[in-house]
Structures are given as C-alpha cells and as structure tokens.
1. Quick check: residue separation of Ala41 and Arg60 times 0.36 nm, minus the Cα distance between them. What number comes out in nm?
2. Mean separation of Cα pairs under 8 Å and 6+ residues apart, divided by the residue count of the chain: what relative contact order is that in percent?
3. What percentages, rounded to whole numbers, describe P(r) for the stretch 5-81 computed over all alpha carbon pairs with 5 Å bin width beginning at zero?
4. Where does the chain land at 222 nm, in deg cm²/dmol rounded to the nearest 500, when only DSSP H runs of n ≥ 4 count, each adding -39500 (n - 2.57), divided by all residues?
5. On C-alpha positions alone, give me the angle between the axis of helix 16-29 and the longest principal axis of the chain, in degrees, nearest 10.
6. If you keep only loop residues by DSSP, which trypsin sites (Lys or Arg not before Pro) in the chain have at most 16 other Cβ atoms within 10 Å of their Cβ?
7. Stokes-Einstein at 4 °C, 1.567 mPa s, Kirkwood radius from Cα pairs: D for the stretch 1-48 in µm² s⁻¹?
Amino acid sequence: MSVRYSDFDGNGHVNNTTYFDILQTALARSGCSTRPQTVKAQFLKEISPEVEWVDVQLERREQAVAFGIGTPDTLFAQGQVS
C-alpha cells in the first residue's frame, strides 16, 4: 500500500488512524470483515517520511485475523482484529 504525503502530520509522524486506514483497506481487499469488534495493535516503530509503501500481512486464525504492517526489513505495527 502506498504511504501518502497526507498520511504525515506537521511533525512527520503517521497518525494512528492512518495505520487503521491501511489495515482496513487490506482487510477489504482480502475479503475479511472491515468492521471488526476488537482491534489489538502494538506500534513497534514509527513510519518515517522516506517510506513510500508498506506491506500488510494478514493471517486468518480461528476467530481473528493477525496482521503485520511493514516493509521487507522493518515491522512497524502488529496485532489482531476479531
């Protein structure tokens, strides 16, 4: 997924809602529910303005979907939705 200029605030930080926008788009594209009841997220590293795209990895589990948002060499956030 592309990281847009507008995803960054004036201090060069990606707002937490942007992480969830990226996640929701990935869920929709994979056929998962885009309206989970719970979201558990661990923010591991800030997405810097130099990052142009991120991968979203999804793993369906029994009653949840685990996710990771990152690049090939950096994981920015991980968690699960159910």
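1. 5.3 nm
2. Contact order relative to length: 31 percent.
3. Reading upward from the zero bin: 3, 15, 29, 25, 16, 8, 2, 1, 0.
4. Helices in the chain give a 222 nm mean residue ellipticity of -5500 deg cm²/dmol.
5. 50 degrees
6. Filter output for the chain: Arg4, Lys45, Arg61.
7. Rounded to a whole number, D works out at 108 µm²/s.
Every number here is computed from the coordinates shown, using simple stated rules; none is lab data. The structure presented is a predicted model; accordingly, all values stated were derived computationally and were not measured. Backbone-built Cβ (ideal geometry, glycine too); neighbour counts: all protein chains shown.
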